[in-house]
Amino acid sequence: MNVDINSMPLDLTGGKYRDIPYEEKERLFNEVKADVRFHDVLYGCYECGVCVAACPSARFYDFSPRVIAQAVAREDVELVYILMNDSIWDCSQCFSCDRCPRGNSPGGLITLMREVAVRNGLESAKEALEGYGRIIYKIMSTGTQVSPDMLQPNAFPDWGHHVNEIADNLDLWRRALPPETLHTVETGWSVSEKTIIELYLIWHMTGVMDMIKEIDEGLFMILQDVMEERLEDAGYDVTFDE
Amino acid sequence: MGQQVIPVEELIKSQKKPGFKYTPEEAPTEDYRDILFQLEKEGELEVLRVPEPYVEVTTKYGRKKKIPLEHTWHHKSCGQCGHIPGYSTSIFWLNRQFGFDYVDPSDQTSCTAWNYYASATSNAEAQAAVAVRNFAAAAETGRFPLIHCGTSFGHYKEVRHELLHHHQVRRKVREIMERLGKRLVFPEEIVHYSEWVYAIRDRIAERQVIDMSAIVASVHPACHYHKLVEEDAIYDPEIYGAQRTAIVTGTLKALGIQIGEYSSWYDCCGFGFRHILVSRDFSRSFAVQRKIEVMKEEADPDIVVTHDTGCVTTLDQSQFAGKAHGKKVGIPVMSDSQIAALAMGAHPYKVLQLHWHNTENRPFLEKLGIDPEEKWREFEDALEKLKRGEKHYLTWEDADA
């Protein structure tokens, strides 16, 4: 039997995604291309490898920004689907790859691919963000990403016993900060109620909560309760579950 | 092992290509200000001007950038405020020392970019709306945003590109701002606090009370400062021949600090956004093996100085695990704002708040002639007053007492 190897898709996964219909893979690929930023991040690829040389993730993972840029530029739908599941979450998002001589931003392309993965609730995205829900809760509900009370020994065992010391003295040490906005413990700084309400309205008007629902239904319900109640108290009749 | 400083500036000068030019006319990227002001003329948005007094600095392709000295609205950083609060405290302390007008607002949210780069649970419109809401809040106070975080700085420049080039994004943000009762306003310049420190470096040096000439520092330039929308980062022909950003290095040189060069300066710190929170084995390994160990072997510095939340955190906190594995670690990590404040006599615990940092920094203080034991006792005395209820918070006056 004659086999044309050039027509075979590059698949080093052992056919892991063989059962996913091509049309579904193509739909996701087209969603990446439909983003208004797509043409800002990909112009073509010389295959020079400058992006890989600068990439921190390439040193520690089986990861290549060049392969991702190439696969998307060649419109290799099968390979893009594999990368969207098995590779994009290794990216460090440092944008060292922006030194691309062609003007590509592989890191920016990966951001778009991650958005599509989240919006469509891919299992690989859920796995990559396992344990990350508390961070999403913090940023979306309080407007600050990390807070002093997150510095607990069980969360940062690899940072040593100084984390215990901080946790033991947290309230006192926060009061020993001269800037008034830093006396908080549950948020990075004091954020006014009006500002939080404005942030919730932004989440509502941009469909961000729909993405949360796809990736973590439980987290969505918790955030929905918190936000809808505070919005109602502020006089807004808003529901996130439309 | 003795100190090995690579003569980077000499190497750069000797290898500079004859065709190299440092002029705006040769810039390979657009000057976004042309589009920004055109859109303002067309009534699409409002430009928030840099207030006077300002200092002009030079950016990557020789263009000028205005850095406001005062009347600033401080856009704080999640990681700094949450986990290393002496970083932002030092920025405020410097403002107060120079008598500059500033506001530390509570109508500011995070740029939310750390979460965006980590989880992608957002989109272009939401990110742009968060940015413009903050800028509108700054404009309402009559002040100009000074961005504390390197990632906010880089991300807001990405947002700027999207707002200027994609009318769909502008339209959506306008709709949101109308609902919030806010203006669609965007700053003339996106200014990072370390640019402000750089702009006043000679004034800081004039008021320096701690001699730092015996110190060797290795600099880690933050990726989202000089790689993400690269063209409006500060470059200076006198620093590395303008072949890499002058940020931080220029400030340290003005304070008389020796720069300890190392070969992996371009590498990131290992933060990774998602990784530092839920996949920290990568962050630890990269920070130790590609940054700290290389610095130790090639420059053996007294300190690492950087200018972003994530970089200080990752480079500092990762050394604990590195030590457990017998790696060559043990270099304290601070921000340029902390070093500048220390040079001007700020208290290492009441202002720099070094007890929130991890890697041992007392030998560094001792090398500067500062007695860390005495300073810690002074801080403990202040804590006792808080414990006894004599006062509820440490004030700025207490910090300078």
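Summary of values
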| item | result |
| --- | --- |
| Residue-averaged beta-carbon neighbours from other chains (10 angstrom radius) around A:140-151 | 6 |
| Relative contact order computed over the range B:307-401 (Cα-Cα under 8 Å; 6+ residues apart), in percent | 25 |
| Using θ = phi - 60° and Karplus 6.51 cos²θ - 1.76 cosθ + 1.60, couplings along the range B:240-253 (whole Hz; Gly, Pro as x) | 6, x, 6, 8, 8, 4, 8, 4, 6, 4, x, 5, 5, 4 |
| Cysteines not pairable in the protein assembly as shown (beta carbon separation under 4.7 Å absent) | A:45, A:48, A:55, A:91, A:100, B:78, B:81, B:111, B:149 |
| Distance (nanometres) between label positions extended 7 Å along Cα→Cβ at residue A:99 and residue B:47 | 3.3 |
| Cross-link partners of residue B:387 among lysines (Cα-Cα below 23 Å; sequence separation of 8 or more within a chain) | B:350, B:375 |
| Shape call, the range A:133-233: gyration tensor on alpha carbons, a/c limit 1.5 | oblate |
| Average Cα contact separation per residue, the range B:202-378, under 8 Å, 6 or more apart, as relative contact order % | 25 |
| Amide H within-cut-off set for residue B:236, under 5 Å, with H built and near neighbours excluded | B:242, B:246 |
| Inter-site label distance for residue B:264 and residue B:175 at 7 Å from Cα along Cβ, in nm | 4.7 |
| Residue with peak Gaussian network fluctuation, chain B [Cα springs, cutoff 10 Å], from B:246, B:341, B:27 | B:27 |
| Out-of-range pairs (alpha-carbon distance over 20 Å; input B:65/B:157; A:138/B:323; B:182/B:227; B:76/B:323) | A:138/B:323; B:182/B:227; B:76/B:323 |
| Residue-wise HN-Hα coupling along the range B:156-161, computed from phi with Karplus coefficients 6.51, -1.76, 1.60 (Hz; x: Gly, Pro) | 5, 6, 4, 4, 4, 4 |
| Amide N of the range B:336-364 lying under 17 Å from the label point, which is placed 7 angstrom from the Cα of residue B:211 along Cα→Cβ | B:343-345 |
| Phi to ³J(HN,Hα) by Karplus 6.51 cos²θ - 1.76 cosθ + 1.60 over the range B:325-335, Hz, x for Gly, Pro | 9, x, 7, 7, 10, x, 10, x, 10, 9, 8 |
| Neighbouring partner chain Cβ atoms per residue of B:98-110, average, 10 Å criterion | 5 |
| 18 Å Cα-Cα reach of residue A:16 towards lysines, excluding residues that sit fewer than 8 places from it in its own chain | A:25, A:126 |
| For the range A:18-127: rounded, prolate or oblate by the Cα gyration tensor [a/c cutoff 1.5] | prolate |
| About the Cα centre, charge dipole magnitude for the protein assembly as shown (Lys/Arg +1, Asp/Glu -1 at Cβ), debye | 1240 |
| Max mean-square fluctuation residue, GNM over chain A, Cα-Cα springs under 10 Å, options A:58, A:73, A:176 | A:176 |
| Residues B:325, B:192 arranged by fewest to most Cβ contacts within 10 Å | B:325, B:192 |
| Global geometry of the protein assembly as shown, whether rounded, prolate or oblate, following the gyration tensor of its Cα atoms and the 1.5 cut on a/c | rounded |
| Contact order relative to length of the range A:18-127, as percent, for alpha carbon pairs under 8 angstrom and 6 or more apart | 33 |
| Inter-site label distance for residue B:40 and residue A:158 at 7 Å from Cα along Cβ, in nm | 4.7 |
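Bear in mind these aren't lab numbers, they're just calculated from the coordinates by the rules spelled out. Predicted model, so just to flag it, every value in this text is computed and none were measured. Cβ coordinates were reconstructed from backbone atoms using ideal geometry, including for glycine residues, and neighbour counts include every protein chain displayed.
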